[in-house]
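Below is one structure, written out as structure tokens; the observations come after it.
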Amino acid sequence: MRIVVTGAAGFIGSNIVAGLNDRGITDVIAVDDLTDSRKFLNLSGLKISDYLDHSDFYTRFATGAFDPVDAVFHEGACSDTMEQDGRYMMETNYRCSVELLDACIRRGTRLLYASSAAVYGSSRVFREEPPFEAPLNVYGYSKLLFDNVVRQRAAGFPMQVAGFRYFNVYGPGEAHKDRMASVAFHNVNQFRAEGKVRLFGDYDGWKAGGQSRDFIHVADLVKAKLWFLDHADVAGVFNLGTGRAQPFNDIAHAVVNGIRAHGGKAALSLEEQVAQGLVEYVDFPEALKGKYQNYTQADITSLRAIGYREPFMTVEQGVADYVERLLGS
């Protein structure tokens, strides 16, 4: 089996490559942009058959240079939700994806691509239906527009096309993402540097640290994506989260106790952590007001309906595993 992974040196892309390798699949064509050379570390130790810069791949793929390719995992994108250059965002996330879709149709190659929960904006319902889709930024819009193209053209696809609206993904391989890395990653680094974790305080009716997201460990995400690789008859646009919202307080609590456990110290309640200054609340940033999702929770009814039955880790389980990996590295 020959697989292409775009964004292969990124956080999720490299974890997909690792998941393929675990299955014995090593004919993997990795596509990325290593202008930020730190990302090579995510590919180091993985087995791939070729590497191409993203500027070179798409044209060559469209002409059949790598045939036969069984499937493309399309993870390459600008994922910076604060990016203000709309022209760049639309070219990178939307136009590139449409051209890749067209090429996959011509070549008969299955396409498994990354969308985002950002398409829902400030909605309180996170179901894969247009009434609940209202992105707050051009990043979310670029993802929604491609989802809509897939929906509109789905009846004519000769092969599997499946999109995945990722919720808040965390886990190994995100160190290069800087400010776009997960809150779990930032909390670990804050605690190691300052001896405390900082969370947003009260805002927009939410109590301090109470803003809640659907946090999914990257290992669970990869497991789901590989299930779709095994089920070529399943297509559509699906939420990929746990179906369970948990507050940022849960992340901080798990991080602090994970670090304490690593050092042989007893666990503390969140209240004890706050009282001892291990968890601290700061004013909500002005730059994020009106642009921030205070709450997300994937409706995974459609995912379950097509037969995906695997459980998802809770924050307590997933963060404990992640903290141990970070401290052991």
* To do: Quick one: in segment 245-300, of everything that is at pLDDT 95 or above and basic (Lys, Arg), which residue is least open to solvent (accessible area, probe 1.4 Å)?
  => 260
* Quick check: is even one residue across segment 58-75 assigned to a helix (DSSP H, G or I) and under 30 Å from residue 136 (Cβ atoms)? -> yes
* **Residues of segment 131-179 classified as open to solvent by 20 Å² or more (accessible area, probe 1.4 Å), part of a helix (DSSP H, G or I) and of a type in the set (Asp, Glu), total** => 1
* Looking at segment 216-238, which of the residues that are of a type in the set (D, E, K, R) and open to solvent by less than 40 Å² (accessible area, probe 1.4 Å) is nearest to residue 151 (Cα to Cα)? -> 225
* Asked: What pairs come up if the first residue lies in segment 1-16 and is assigned to a helix (DSSP H, G or I), the second is open to solvent by less than 10 Å² (accessible area, probe 1.4 Å), and their beta carbons are under 6 Å apart, counting only those six or more places apart or on different chains?
  -> 11/174; 13/5; 15/218; 16/5; 16/73
* Only residues that are in a helix (DSSP H, G or I) and either over 18 Å from the mean Cα position of the chain (by Cα) or among the polar types (S, T, N, Q) (or both): list them for segment 294-322, please. => 301, 302, 304, 305, 316, 317, 320
* Taking residue 208 as the residue in question, decide whether it is among the small types (Gly, Ala, Ser), open to solvent by 20 Å² or more (accessible area, probe 1.4 Å), touching a residue at least 12 places away in the same chain (Cβ under 8 Å) and in contact with a helix residue (DSSP H, G or I) (Cβ under 9 Å, 6 or more places away or on another chain). => yes
* Asked: Got a number for residues in segment 42-83 being touching a residue at least 12 places away in the same chain (Cβ under 8 Å) and under 21 Å from the mean Cα position of the chain (by Cα)?
  -> 17
* Asked: Taking segment 55-91 on its own, how many of its residues are open to solvent by less than 40 Å² (accessible area, probe 1.4 Å), among the small types (Gly, Ala, Ser) and farther than 25 Å from residue 288 by Cβ?
  -> 4
* To do: Hey, can you tell me all the residues within segment 10-31 that are among the polar types (S, T, N, Q) and open to solvent by 20 Å² or more (accessible area, probe 1.4 Å)?
  => 15, 21, 26
* Asked: Right, residue 241: open to solvent by 10 Å² or more (accessible area, probe 1.4 Å) and either touching a His at 6+ places or on another chain (Cβ under 9 Å) or small (Gly, Ala, Ser) (or both) or not?
  -> no
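The values are calculated or read from the model by the stated rules, or taken from the named source; none is laboratory data. Computed from a predicted structure; not experimentally measured. Glycine also receives a Cβ, built like all others from the backbone with ideal geometry; neighbour counts cover every protein chain displayed. Each accessible area value is taken on the protein alone, full model and side chains, heavy atoms only, with ligands, DNA and RNA left out. Shrake-Rupley method; radii C 1.70, N 1.55, O 1.52, S 1.80 Å.
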